[in-house]
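Trainee: Before I ask anything, here is the structure I am working with.
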Amino acid sequence: MTDSILNSVLLLAGLGTLAALILYLVSKRFYVFDDPMIGRVEELLPAANCAGCGSPGCRAFAEKLVKSEDISDLFCPVGGNEVMKLVAEALGKEVVEKDPTVAVVRCQGSCEVRPKTTVYQGPRTCAISALIYSGETDCQYGCLGDGDCVAACKFDAMYMDEATGLPVVITDKCTSCGMCVEACPRDIIEMRPKKKRDLKIYVGCLNEEKGGIAKRACSVACIGCSKCLDVCPKEAIVIENNLAYIDPAYCTLCRKCVPVCPTHSIIETNFPPRKEKNPVADTLAGDQGVKSGSDA
């Protein structure tokens, strides 16, 4: 009886030793070296794990930064230029400074200008709505209003305006991570350069229908009339698919396109109020000029 117990104990001990030896050999065979620099770079990143850099998380982005010889095309939108400079110094590599961007909602189809024609009673998410029907209005290109972009934002930089039914971006909180862009099934959110004082001019419409059809669905829809294109001095505007688009790379914010838009679909933000023309004053000034010229 004693020998049987002893043999069992020795057998179990032998099997344990053998298993430990196998695990040791396997760990050595498949050992993956973890560069300590990856951890150092990860500590410099904001730990937002927002995927705005194109990587699934900050750890993966840190690994990409360490292993890439050229990091000029890599950028952390949340950390911005300051964080990227710290990363470049730690790695001894060069980084390209990029202009900050901010999310812009390219739809102004509020309830007042884009009336509802149907009522949807299913699950309230933009993703589901976009799959099963065209929306509660006749515009098949505008905001669905279910707030998927707001839910995707990790920085509380967006909210749904109850009056308009549209999402609103809080510019000061926007980190340009791009999560709202990915979440929108209608692609109405765009990252545009954040100019000084956050000055922006853009077309707040994505309706590609012809003018009359687009305007019936939304009174502030772009009708592709080309009036903005005609007055733009920098060729920053293109008309494609019955829709105007202002390229921020060429736009100088001269604002000439804004007043000529017949449907007011061009949005300007954070500019000072325009000086209203006074026809009476202009006429008097002109008469005085003529009189002064005749007196001379």
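Trainee: For the structure I just gave you, tell me whether residue 51 is on the phi > 0 side of the Ramachandran plot and touching a residue at least 12 places away in the same chain (Cβ under 8 Å).
Mentor: yes
Trainee: With respect to the numbered conditions (1) touching a residue at least 40 places away in the same chain (Cβ under 8 Å); (2) more than 30 Å from residue 217 (Cα to Cα); (3) over 17 Å from the mean Cα position of the chain (by Cα), which one is the sole condition not fulfilled by residue 60?
Mentor: In the conditions (1) touching a residue at least 40 places away in the same chain (Cβ under 8 Å); (2) more than 30 Å from residue 217 (Cα to Cα); (3) over 17 Å from the mean Cα position of the chain (by Cα), residue 60 misses (1) alone.
Trainee: May I pose another question? What helices (runs of 4 or more DSSP H) lie completely within region 167-286 and have 3 or more residues being in contact with a helix residue (DSSP H, G or I) (Cβ under 6 Å, 6 or more places away or on another chain) and not assigned by TED's automatic domain parsing to the domain that holds residue 56?
Mentor: By residue number, 179-183, 227-231.
Trainee: Another question about this same structure. Working carefully through the options 99, 73, find the one that is at pLDDT below 95, in a loop (DSSP other than H, G, I, E, B) and more than 25 Å from residue 156 (Cβ to Cβ).
Mentor: Every option except 73 fails the conditions.
Trainee: Still on this structure, I have one more. Residue 65: in a helix (DSSP H, G or I), over 22 Å from the mean Cα position of the chain (by Cα) and at pLDDT below 90, yes or no?
Mentor: no
Trainee: Evaluate the following for residue 117: is it over 18 Å from residue 205 (Cα atoms) and in the same structural domain as residue 166 (by TED's automatic domain parsing)?
Mentor: yes
Trainee: Moving on to the next point. Across region 1-47, which residue is modelled with the highest pLDDT among those that are over 48 Å from the mean Cα position of the chain (by Cα) and of a type in the set (S, T, N, Q)?
Mentor: Once the filter is applied, the top-ranked residue is 17.
Trainee: Right, here's the next one. Please go through region 111-129 and give me each residue that is out of contact with any helix residue (DSSP H, G or I) (no Cβ under 8 Å at 6 or more places or on another chain), within 26 Å of residue 177 (Cβ to Cβ) and among the hydroxyl-bearing types (Ser, Thr, Tyr), ordered by number.
Mentor: 129
Trainee: Can you name the residue in region 115-150 that is loosely packed, with under 15 Cβ neighbours inside 10 Å and small (Gly, Ala, Ser) and, of all such residues, is farthest from residue 189 (Cα to Cα)?
Mentor: 122
Trainee: Among the listed residues 238, 231, 220, which satisfies the condition of being of a type in the set (Val, Ile, Thr), at pLDDT 95 or above and closer than 24 Å to residue 134 by Cβ?
Mentor: Answer to the check: 220.
The values are calculated or read from the model by the stated rules, or taken from the named source; none is laboratory data. What you see is a predicted model; the values in this text were computed from it and never measured. Here Cβ is always computed from backbone atoms with ideal geometry, including for glycine, and neighbour counts include all displayed protein chains.
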